[in-house]
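Shown next, in structure tokens, is the structure this report addresses.
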2 protein chains.
Amino acid sequence: MSELPRISDAEWRVMEVVWKKAPQTANEIVAALAAMNWSPKTIKTLINRLVGKGALQYDKDGRTYLYSPAVEQGSMEQGLVGGLLRGAFKGSAHRLVLRALETGETSREELDAIKALIARFETDGSGE
Amino acid sequence: MSELPRISDAEWRVMEVVWKKAPQTANEIVAALAAMNWSPKTIKTLINRLVGKGALQYDKDGRTYLYSPAVEQGSMEQGLVGGLLRGAFKGSAHRLVLRALETGETSREELDAIKALIARFETDGSGE
DNA sequence: CTCCATATATTACGGTTGTAATTGATAGTG
DNA sequence: CACTATCAATTACAACCGTAATATATGGAG
């Protein structure tokens, strides 16, 4: 049961790019992150760290590398939220949801989707 | 609009103690954290860092200090969840909730409480 | 007034993170 | 075949974090 790597915020941005489309070269990743205004060097560093942590893997294509995720986005999201839930919220999911809703950025559609989730988890204790 | 300080996990544990009861002396905080098996020195360091970050404040009582929170727990929780929501979930509250529920640790009571929250946020767009 | 127990303050040290620059390897260009 | 543009690898460095140890100040016991 391989442990999920612990990755930082900046590293997460890089993972998002590769989760969205894989494999990608370092330069493609850099291009996808243009909006971050990071030096390409910085992004290369982040990529290397992610490889070191086992979050990214690569195949050599001649001189360049093709990077792909080595961990699933959903698992990482679960790890993140689970940590918060256990750590800061002591398992109180409704308090976590309260804080999320308090940001005031949640649309009616999101609220409906959450209602649907609750219904699903109410009938059977887990996912459908 | 004072910015919320950014505090680490270990520091959060200390804040929890002071949020639960304030003011408290350093020694009372240490006692409350006995279960963490941290050296008292370590806890003093965390307290000092929290003061430096503006998360704790103190009043001198002779030679000892009485520490109190300088930021509210709710605000800090909101900052935490809001950051996650904007950062990793791109505003998709229902996906955040999904990941929370997937941990499989959520009781029926929690689910009911969440339903109540949804209802509240559906009628008026914010807290009552 | 002196000494000690104890409270706070300062310093330590290796690992992580943000943010890069420098170095080393190599595929093409001429 | 020598040179350069470009990859990836190594190194840098300050701030933050976990985890303390050491130093300094001071109220109270004699």
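The values are calculated or read from the model by the stated rules, or taken from the named source; none is laboratory data. Only a predicted model underlies this, so the values are computations on that prediction, with no experimental measurement involved. With ideal geometry, Cβ positions are generated from the backbone for all residues, glycine too; neighbour counts draw on all protein chains shown. In case anyone asks, the SASA skips ligands and DNA or RNA and just uses the protein heavy atoms, side chains included. Shrake-Rupley method; radii C 1.70, N 1.55, O 1.52, S 1.80 Å.
Tabulated results
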item	result
Position B:Lys21, label points 7 Å along Cα→Cβ, spacing to each other copy in nm (shortest first, one decimal)	5.8
The protein assembly as shown shape via C-alpha gyration tensor axes, a/c threshold 1.5	oblate
GNM top mover of B:Ala70, B:Ala100, B:Ala116 - chain B, alpha-carbon springs below 10 Å	B:Ala116
Interface burial for B against A (accessible surface, 1.4 Å probe, total of both chains, Å², rounded to 100)	4000
Most to least accessible of B:Arg120, B:Arg86 (protein chains only, probe 1.4 Å)	B:Arg86, B:Arg120
Built amide H within the under 5 Å cut-off of A:Tyr65, gap 5+	A:Ala26
Shielding of B:86-95 by partner chains, average beta-carbon count, 10 Å	6
Karplus-derived 3J(HN,Hα), 6.51/-1.76/1.60, for each residue of segment B:102-115, Hz, glycine and proline x	4, 4, x, 10, 9, 6, 4, 5, 4, 4, 4, 4, 5, 4
Cβ-based charge dipole, segment B:9-69, positive-most Cα from B:Ala22, B:Gly62, B:Ala35	B:Gly62
Value of [θ]222 nm, deg cm²/dmol, for the protein assembly as shown, DSSP H segments ≥ 4, -39500 (n - 2.57) each, nearest 500	-18000 deg cm²/dmol
Nearest-ten-degree value, helix B:40-52 long axis tilted from longest Cα axis of chain B	70
Per residue value of the accessible surface for segment B:73-123 (all protein chains in place, 1.4 Å probe), Å²	43
Long-range HN-HN contacts of B:Leu56 with modeled amide H, under 5 Å	B:Val51, B:Ala70
Neighbouring partner chain Cβ atoms per residue of A:31-37, average, 10 Å criterion	0
Around A:Glu11: net Lys/Arg minus Asp/Glu count, Cβ-Cβ under 12 Å	+2
Cα-centre dipole for chain A with unit charges at Cβ (Lys and Arg positive, Asp and Glu negative), debye to 20	580
Segment A:1-75: C-alpha gyration tensor shape, a/c 1.5 cut-off, then a/b vs b/c	oblate
Peptide-level mean, for B:71-81, of C-beta atoms on other protein chains within 10 Å	4
Fluctuation leader among A:Thr103, A:Thr64, A:Thr45 - chain A, Gaussian network, Cα springs under 10 angstrom	A:Thr103
Pseudo-label separations to other copies for A:Gly54 - Cα-to-Cβ vector, 7 Å, nm	4.0
Within the accessible area of chain B (1.4 Å probe), percent carbon and sulfur	49
Sparse-neighbourhood loop sites, trypsin sites (Lys or Arg not before Pro) in segment A:20-62 - DSSP loop, at most 11 other Cβ within 10 angstrom	A:Lys21
